[in-house]
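Asker: Please find one structure pasted underneath; my questions will follow.
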Protein chains: 4
Amino acid sequence: MNPIDKLTNLFSRLPGIGPRQAKRLVYFLLKSDNGFLLEFSENLRKLKENVLQCRSCYRFFSSHGAQNFICPLCSDENADSRMMLVLEKDVDLDNFRKSSVYDGKYFVLGGTLPFLEKNPEKRIRSEAFLKEVERRVQEEGLQEIIFALSANPEGENTADYLQKLAGDFANANGLKFSMLGRGLSTGTEIEYSDAETLANAFHNRT
Amino acid sequence: MNPIDKLTNLFSRLPGIGPRQAKRLVYFLLKSDNGFLLEFSENLRKLKENVLQCRSCYRFFSSHGAQNFICPLCSDENADSRMMLVLEKDVDLDNFRKSSVYDGKYFVLGGTLPFLEKNPEKRIRSEAFLKEVERRVQEEGLQEIIFALSANPEGENTADYLQKLAGDFANANGLKFSMLGRGLSTGTEIEYSDAETLANAFHNRT
Amino acid sequence: MNPIDKLTNLFSRLPGIGPRQAKRLVYFLLKSDNGFLLEFSENLRKLKENVLQCRSCYRFFSSHGAQNFICPLCSDENADSRMMLVLEKDVDLDNFRKSSVYDGKYFVLGGTLPFLEKNPEKRIRSEAFLKEVERRVQEEGLQEIIFALSANPEGENTADYLQKLAGDFANANGLKFSMLGRGLSTGTEIEYSDAETLANAFHNRT
Amino acid sequence: MNPIDKLTNLFSRLPGIGPRQAKRLVYFLLKSDNGFLLEFSENLRKLKENVLQCRSCYRFFSSHGAQNFICPLCSDENADSRMMLVLEKDVDLDNFRKSSVYDGKYFVLGGTLPFLEKNPEKRIRSEAFLKEVERRVQEEGLQEIIFALSANPEGENTADYLQKLAGDFANANGLKFSMLGRGLSTGTEIEYSDAETLANAFHNRT
């Protein structure tokens, strides 16, 4: 295959990049200097060498200076290990960290659960979740699991499933579950709010 | 002026209708039957006769069967008069009622306060607000004022201003202020949430 | 019915106005002064008295000063009566006039023909079109009919139909048909153009 | 720098990819299989080896099987060498080829000229253009140069500049200039057309 079309195809396989944009990217690269292309190529090639997946929270992190498979957030002794914030994916975690509101620990599920999913354990890291919950309660004094999932039925279903999964253990160990509060998000106008949001905002008024 | 252009101009003065749509509306009406035009014209002409503004909550309501200037919501004896929900405008009130979550009383401010507004009393019904608060505390057992304003700086500024305005009276009478809860609104995804919303959602977790 | 809901319903029947905007318009009118409401009501009531439909080109025009049912464009002796521009609707005509490129006569079809339309004579003024073509050839020296219809299959179908309808008469009287030229419209970028547009632009290059 | 942030930065330098999407791409790649990453990396690294820029039309083409620096379109003996279509960029050429309307030769300018550009020779390949025009007239029987540039002031300015540049040579050699035709592009509606497009469509009626 033509090398222009070949690289266009590879770019098209990335999420959110259509064939038209993919082609534009290839022509852009053809006009870029060689240094940029080499740097790009090298960083792609070594990506998985340079990045590890944390064996505790399952986020990706730089392998540089890492002595084991535990990320700096998980090994940070200043972080509050009594709380564990459960998120769908790495970008959610990055976005949450930007808010600077939370200084506890994390866990990345790797997905959410659609309704009527027959094999939930294939969609999310439910086994790893349960194991980590038990380990953190025993070793790190974990007291609260906070589900920070999207405010839609799939997010709620996921939280429900995990609460049931860890329910007995939680009851036996005084472990608390919580979910991010519902209400008006920044910029919300009353005129355009759905009934569920208004109801939540009313019940959670402060 | 040409009657087509004349009516186009009148439509253009309505909010959200540009000159192009206005003209399209006029041509549509020219092809409509006379009955529709007459009915439309009559309903416009009699609009203010047929609608009153409530002297208690300031919303608009049908004059049909009204015996004084008090709307059915304000005179409804089943509504919980211990609560008063304060809104910017009538459509906000209509939307809130659809959520069926609230069965208390209302008050429509008629606007919000921009920052550094020199004459706040001209922008919103602050005098009427204060008078109604006092009257409802004394006559109806009002205990809580809930600000249901848009989740933006102008909404917050408006709530601040009114709380200060009624502050002394509230303190002396055990009157409580509250605001709609902040957090994730329906459909919000963690990845795209702003830091303020995540912080609110975290603090208001349930 | 509640007069607010009643007028909301009437506004909702206008093209491009949804129930939410309709309600906003009614609340806007409730806060407008009485003069505006009366003027609006009057202009609606008298719309059809004040506007006539031209018996030659079928556009709508002000009845003020009109001595018969012929509009000023049709009776304008300075306009070039050798050309007749055929349009779908009044707003098309208004937009075309703004371009100031054409000083001939007009005809408004009142619609376009979808493919496989069984009763084309009900969709557009085909009978009136034919009658006007014959009259204008005989009385006004008409030589060219220009179809100024949208550049889509329905527009082309309409032009085809009318050319066939008037074909024999046109052949017998040396009457010419033409269509607006196809090519790049203002702002078109080559990268995003469809193949048909590029083909037309290539064949019609200047 | 963190390898995730590093690759995110590299992706962000590509046109149309913001920092948020860039990060999402990196996390996607972290979850992709190694084969895909290696293939992507390899194709980037060898891109410039595998692609040449044609010394006649300046488009990019596969070096595979190329015996000199002339692309298959330029060396195609079946193509009509009497015409030369001048385009801004490679994607324009690719899009034009899809229309299958043209079987002549090409030339890619590499840009367009803004108004008041002081150094036009740095923005587009004007020198190469002039040299190719002369060579093609003398060696290949070139008779017509077709400017296929975007229908905006910058595109027109570019065509004007090149016509002046090659004007004397063209006059002396009977070389003709043309531009893609202006008019209604596919899907254009009369109601929403600008005056310039209607004027062009009227003058270029067919």
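Asker: Has the range B:33-41 got at least one residue that is in a helix (DSSP H, G or I), of a type in the set (Gly, Ala, Ser) and either more than 7 Å from chain C (Cβ to nearest Cβ) or in contact with an Asp or Glu (Cβ under 8 Å, 6 or more places away or on another chain) (or both)?
Answerer: Yes: one or more hits.
Asker: Restrict the check to the range A:107-128 and report whether at least one residue is at pLDDT below 95 and small (Gly, Ala, Ser).
Answerer: Checked the range A:107-128: no residue is at pLDDT below 95 and small (Gly, Ala, Ser).
Asker: What tally of residues in the range A:163-206 results from selecting those that are touching a residue at least 24 places away in the same chain (Cβ under 8 Å) and among the charged types (D, E, K, R)?
Answerer: Matching residues across the range A:163-206 total 2.
Asker: Of the residues D:Pro15, D:Pro72, which single one is more than 24 Å from A:Leu14 (Cα to Cα), surrounded by fewer than 21 Cβ atoms within 10 Å (Cβ to Cβ) and within 11 Å of chain A (Cβ to nearest Cβ)?
Answerer: D:Pro72
Asker: Name the residue, out of C:Lys6, C:Lys23, C:Lys46, that is facing chain B (nearest Cβ under 8 Å), charged (D, E, K, R), over 19 Å from the mean Cα position of the chain (by Cα) and surrounded by 21 or more Cβ atoms within 10 Å (Cβ to Cβ).
Answerer: Checking each option against the conditions leaves just C:Lys23.
Asker: Is at least one residue of the range A:146-156 outside any helix (DSSP H, G or I), more than 8 Å from every other protein chain (Cβ to nearest Cβ) and either without any contact (Cβ under 8 Å) to a residue 12 or more places away in the chain or on the phi > 0 side of the Ramachandran plot (or both)?
Answerer: The answer is no, given that none of the residues of the range A:146-156 is outside any helix (DSSP H, G or I), more than 8 Å from every other protein chain (Cβ to nearest Cβ) and either without any contact (Cβ under 8 Å) to a residue 12 or more places away in the chain or on the phi > 0 side of the Ramachandran plot (or both).
Asker: Can you tell me which of A:Phe60, A:Phe129 is surrounded by 16 or more Cβ atoms within 10 Å (Cβ to Cβ) and within 14 Å of another protein chain (Cβ to nearest Cβ)?
Answerer: A:Phe60
Asker: Name the residues in the range B:74-99 that are in contact with a strand residue (DSSP E or B) (Cβ under 7 Å, 6 or more places away or on another chain) and farther than 25 Å from B:Tyr161 by Cβ, would you?
Answerer: B:Ala79, B:Asp80
Asker: While we're looking at this one, here's another question. Taking the condition under 16 Å from the mean Cα position of the chain (by Cα), facing another protein chain (nearest Cβ under 8 Å) and either within 22 Å of D:Leu162 (Cα to Cα) or modelled with pLDDT under 95 (or both), does D:Tyr102 pass?
Answerer: yes
Asker: Could you check B:Ser63 against (1) over 21 Å from B:Phe177 (Cα atoms); (2) without any contact (Cβ under 8 Å) to a residue 12 or more places away in the chain and say which number it fails?
Answerer: B:Ser63 satisfies all of (1) over 21 Å from B:Phe177 (Cα atoms); (2) without any contact (Cβ under 8 Å) to a residue 12 or more places away in the chain except (2).
Asker: Those residues that are closer than 17 Å to B:Met83 by Cα, of a type outside the set (Gly, Ala, Ser) and not in a helix (DSSP H, G or I), I need them from the range B:163-185; list them, please.
Answerer: Result: B:Leu175, B:Lys176, B:Phe177, B:Met179, B:Leu180.
Asker: Of the conditions (1) surrounded by fewer than 16 Cβ atoms within 10 Å (Cβ to Cβ); (2) within 17 Å of the chain's Cα centre (by Cα); (3) free of Cβ contacts under 8 Å to residues at least 40 places away in the same chain, D:Val51 clears all except one; give me its number.
Answerer: Going through (1) surrounded by fewer than 16 Cβ atoms within 10 Å (Cβ to Cβ); (2) within 17 Å of the chain's Cα centre (by Cα); (3) free of Cβ contacts under 8 Å to residues at least 40 places away in the same chain one by one, D:Val51 breaks only (1).
Asker: Looking at (1) within 14 Å of chain C (Cβ to nearest Cβ); (2) buried (at least 17 other Cβ atoms within 10 Å of the Cβ), which one does D:Thr206 not meet, given that it meets all the others?
Answerer: Evaluating D:Thr206 over (1) within 14 Å of chain C (Cβ to nearest Cβ); (2) buried (at least 17 other Cβ atoms within 10 Å of the Cβ) leaves (2) as the failure.
Asker: Would you mind stating whether D:Leu38 is under 14 Å from A:Phe11 (Cα atoms), over 21 Å from the mean Cα position of the chain (by Cα) and surrounded by fewer than 15 Cβ atoms within 10 Å (Cβ to Cβ)?
Answerer: Here the answer is yes, as D:Leu38 does meet what is asked.
The values are calculated or read from the model by the stated rules, or taken from the named source; none is laboratory data. The model shown is predicted, which means the values in this text are computed figures rather than measured ones. As a convention, Cβ positions derive from the backbone with ideal geometry for all residues, glycine included, and neighbour counts pool all protein chains shown.
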